[in-house]
Amino acid sequence: MNSSGAQMMAAAGGVIGDGRTGAVVAAVVGLLGVVIGGLAVARSAGRISTGNERAWAMTAMVVGLTGIVLAGLHLATSTGGFGTGNGRAGAIVAIAIGLVAAFLGGLTVARSRRTALTG
């Protein structure tokens, strides 16, 4: 494929270019944080075998905040508006996913403190 064909394919949205890669990476990091946070919540509720749910919760918070920072950095450095293929909408979704991961981690930390104080 010649260069003009590759440019037409990229303009049509057929290739994930540099513009979307940052948003995709931030979303994947955020999703990883949500999975870790969900496991931490399940551990603290006693649904999964006992373990150090506080460490899982802190990991979920850090991974979620990392996803938020990556998405914010992508938003700050991308040019153009929505629909231009720069991944701005994906970065906004990645921020929301990172917030969910951080919330799940914080919820588990609060739950583990409450059970440590009463138990």
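Can you give me the number of residues within the range 74-87 that are modelled with pLDDT of 85 or more and surrounded by 21 or more Cβ atoms within 10 Å (Cβ to Cβ)?
Residues that pass the stated criteria total 1.
Output the residues belonging to the range 81-99 that are in contact (Cβ under 8 Å) with a residue 24 or more places away in the chain and over 17 Å from Val24 (Cβ atoms).
Leu99
Each row is one residue, and each column tells you yes or no for (1) of a type in the set (Val, Ile, Thr); (2) open to solvent by 50 Å² or more (accessible area, probe 1.4 Å); (3) at pLDDT 65 or above; (4) in contact with a His (Cβ under 8 Å, 6 or more places away or on another chain).
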residue	(1), (2), (3), (4)
Gln7	no, yes, no, no
Gly17	no, no, no, no
Val28	yes, yes, yes, no
Ile36	yes, no, yes, no
Ala55	no, no, yes, no
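In the range 65-104, what residues are touching a His at 6+ places or on another chain (Cβ under 9 Å) and not in a helix (DSSP H, G or I)? Before you say what the answer is, go through the steps one by one.
Keep residues of the range 65-104 that are touching a His at 6+ places or on another chain (Cβ under 9 Å), which gives 86-88, 90-91, 94.
Of everything in the range 65-104, those that are touching a His at 6+ places or on another chain (Cβ under 9 Å) and not in a helix (DSSP H, G or I) turn out to be Asn86, Gly87.
Is it fair to say Ala96 is at pLDDT below 90, open to solvent by 30 Å² or more (accessible area, probe 1.4 Å) and hydrophobic (A, V, I, L, M, F, W, C)?
Against the criterion (at pLDDT below 90, open to solvent by 30 Å² or more (accessible area, probe 1.4 Å) and hydrophobic (A, V, I, L, M, F, W, C)), Ala96 does not qualify.
The values are calculated or read from the model by the stated rules, or taken from the named source; none is laboratory data. Note that this is a predicted model, so its numbers are computed, not measured. Reconstructed Cβ throughout: ideal geometry from the backbone, glycine too, with neighbour counts over all protein chains shown. Surface areas here come from the heavy atoms of the whole protein model, side chains and all, with no ligands, DNA or RNA. Shrake-Rupley method; radii C 1.70, N 1.55, O 1.52, S 1.80 Å.
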